[in-house]
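For reference, the structure is listed below as structure tokens.
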Amino acid sequence: MASTATKTAQIKCINKIPRADPYHAITHIGGYVTSQWKLTLTDAIAKIERREWSFYTFADGRRADVIVATRNGHKYLKTEADYDTPDNLLSLPECP
């Protein structure tokens, strides 16, 4: 029987254009464990919605789980600690 356990990964970097505008979507998220990984926003949202993966960041020394939110009909990622802008994610460095 196949395992249905959700995999968990820490997001350590993002790609976003324009970088400083909190109201334009992040295009990619990424991180590294034994090797670097990078997903498009669409892929990350799909994996969360299918409960295949869950993601989190560390902000101010505390874990913040990443969730899918909707604004003006568009899905995006944010942490549970954020209000309507993905500030915790925006504070991460740019992915290579």
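Please list, ordered by chain and number, the residues whose modelled amide H lies under 5 Å from the amide H of ILE67; skip anything fewer than 5 residues away on the same chain.
LYS78, THR79, GLU80
Could you line up THR8, THR79 from fewest to most neighbouring Cβ atoms inside 10 Å?
On the way: THR8 10, THR79 20.
Ascending Cβ contact count within 10 Å gives the list THR8, THR79.
Counting only pairs 8 or more residues apart or on different chains, how many lysine pairs in region 7-90 have their Cα atoms under 18 Å apart?
12
A short reminder: the numbers here are calculations on the coordinates, not readings from a lab. Being a predicted model, the structure only gives us computed values, none of them experimental. Here the Cβ is made from the backbone with ideal geometry for all residues, glycine too, and neighbour counts use every protein chain on show.
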